[in-house]
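**Student:** The structure is given below, and queries will be raised subsequently.
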Amino acid sequence: MPKETFFRLPKEKQDRLIAAARIEFSRADLKDASISQIIKLAEIPRGSFYQYFEDKEDLYFYYFKLLRDGEKDSLELAFKESHGDFFQGIEKYFTVFMAAVLEGPDKEFYRHLFTGLDVHASNRVMPFHPLSKREGTHPPHPSFKKGPGQLLKLVDFSTLKVESEKEFFILFKLVMSLFFASVNDAFTEDEEGHLLTKEEVIRRFHLRLDWLKSGAEKIKGADTYVEND
């Protein structure tokens, strides 16, 4: 996340730097994005960049944090509309998220993000994951207000087989791994070289989630029709 010096900048300068990040990170993934291009677009010296951020990755995930804040609102709304039903809330959120990923103004950023996602990046794009990559590097700024506690308030735990908050977040991480695998489907060509439609991506996510909820194994005889005398 940014250093405190970034937050002390005039808003116009903050916005200019973030706009430059958006352009560059929509052009290329994190690995290939250029700090030189960012500082050129933002019209700041290279030395100033390192007064505001540790490195390119720091800026990248801060930019993603800004996008993620809106997604947290969507996630919370999905749970409210589902009256605390965890799986139904996740399904609703996935539909909204896929519209943003494939059709929203930041679709190119998301395409680069998800096609280049590794284990480290996957953890950092997790909803409610802390953005600071090095504990103790610099403390969270007061603008980072939302956390996992808000999510816990919205879930009806009576419908889940979890015994503690820790177990809930194990389940949440498992569901989000299915979530991101399904998002990645949108950028992976099928056997015929075509990309899946948004509707098919959503269908596959619902299928994966249903397997998690109910199991994928058929119990022998469970579906056998028995005629009454």
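**Student:** Of the conditions (1) in contact with a Ser or Thr (Cβ under 6 Å, 6 or more places away or on another chain); (2) open to solvent by 40 Å² or more (accessible area, probe 1.4 Å); (3) touching a residue at least 60 places away in the same chain (Cβ under 8 Å), residue 51 clears all except one; give me its number.
**Tutor:** (3)
**Student:** Would you call residue 44 of a type in the set (A, V, I, L, M, F, W, C), open to solvent by less than 40 Å² (accessible area, probe 1.4 Å), outside any helix (DSSP H, G or I) and free of Cβ contacts under 8 Å to residues at least 40 places away in the same chain? Spell out the reasoning first.
**Tutor:** Details: of a type in the set (A, V, I, L, M, F, W, C): yes; open to solvent by less than 40 Å² (accessible area, probe 1.4 Å): yes; outside any helix (DSSP H, G or I): yes; free of Cβ contacts under 8 Å to residues at least 40 places away in the same chain: yes.
Here the answer is yes, as residue 44 does meet what is asked.
**Student:** Kindly check whether there is at least one residue in segment 220-229 that is part of a loop (DSSP other than H, G, I, E, B), loosely packed, with under 10 Cβ neighbours inside 10 Å and modelled with pLDDT of 90 or more. Steps first, answer last, please.
**Tutor:** Taking segment 220-229 and keeping what is part of a loop (DSSP other than H, G, I, E, B), we get 220-229.
This time we only want the ones that are loosely packed, with under 10 Cβ neighbours inside 10 Å, so: 220-229.
So of that shortlist, the ones also modelled with pLDDT of 90 or more come out as none.
Among the residues of segment 220-229, not one is part of a loop (DSSP other than H, G, I, E, B), loosely packed, with under 10 Cβ neighbours inside 10 Å and modelled with pLDDT of 90 or more, which makes the answer no.
**Student:** Any residue at all in segment 56-69 that's of a type in the set (Phe, Trp, Tyr) and at pLDDT 95 or above? If you could, list the steps in order and put the result at the bottom.
**Tutor:** To start, the set of residues in segment 56-69 that are of a type in the set (Phe, Trp, Tyr) comprises 60-64.
Imposing the further condition that a residue be at pLDDT 95 or above reduces the set to none.
No, the conditions are met nowhere in segment 56-69.
**Student:** How many residues does segment 54-71 hold that are farther than 15 Å from residue 16 by Cα and either of a type outside the set (Asp, Glu) or touching a residue at least 60 places away in the same chain (Cβ under 8 Å) (or both)? Walk me through it before giving the result.
**Tutor:** In the first step, residues of segment 54-71 are kept if they are farther than 15 Å from residue 16 by Cα; the result is 54-58, 61, 64-65, 67-71.
Among the residues that remain, those that are also either of a type outside the set (Asp, Glu) or touching a residue at least 60 places away in the same chain (Cβ under 8 Å) (or both) are: 54, 56-58, 61, 64-65, 67-70.
Qualifying residue count, segment 54-71: 11.
**Student:** So which residues in segment 8-30 are over 18 Å from residue 68 (Cβ atoms) and either in contact with a His (Cβ under 9 Å, 6 or more places away or on another chain) or outside any helix (DSSP H, G or I) (or both), if there are any at all?
**Tutor:** 8, 9, 10, 27, 28
**Student:** For the structure I just gave you, tell me whether residue 30 is hydrophobic (A, V, I, L, M, F, W, C) and either within 30 Å of residue 212 (Cβ to Cβ) or modelled with pLDDT under 95 (or both).
**Tutor:** Details: hydrophobic (A, V, I, L, M, F, W, C): yes; either within 30 Å of residue 212 (Cβ to Cβ) or modelled with pLDDT under 95 (or both): yes.
So residue 30 passes the test.
**Student:** Another one. Hey, can you tell me all the residues within segment 6-23 that are crowded, with 17+ Cβ neighbours inside 10 Å and either in contact with a strand residue (DSSP E or B) (Cβ under 6 Å, 6 or more places away or on another chain) or aromatic (Phe, Trp, Tyr) (or both)?
**Tutor:** 6
**Student:** What is the residue count in segment 175-214 for residues that are open to solvent by 60 Å² or more (accessible area, probe 1.4 Å) and in contact with a strand residue (DSSP E or B) (Cβ under 8 Å, 6 or more places away or on another chain)?
**Tutor:** Counting residues in segment 175-214 that are open to solvent by 60 Å² or more (accessible area, probe 1.4 Å) and in contact with a strand residue (DSSP E or B) (Cβ under 8 Å, 6 or more places away or on another chain) gives 3.
The values are calculated or read from the model by the stated rules, or taken from the named source; none is laboratory data. Not measured: the values here are computed from a predicted model. In this analysis, Cβ positions are derived from the backbone assuming ideal geometry, glycine residues included, and neighbour counts consider all displayed protein chains. All accessible areas refer to the heavy atoms of the entire protein, side chains included, with ligands and DNA or RNA removed. Shrake-Rupley method; radii C 1.70, N 1.55, O 1.52, S 1.80 Å.
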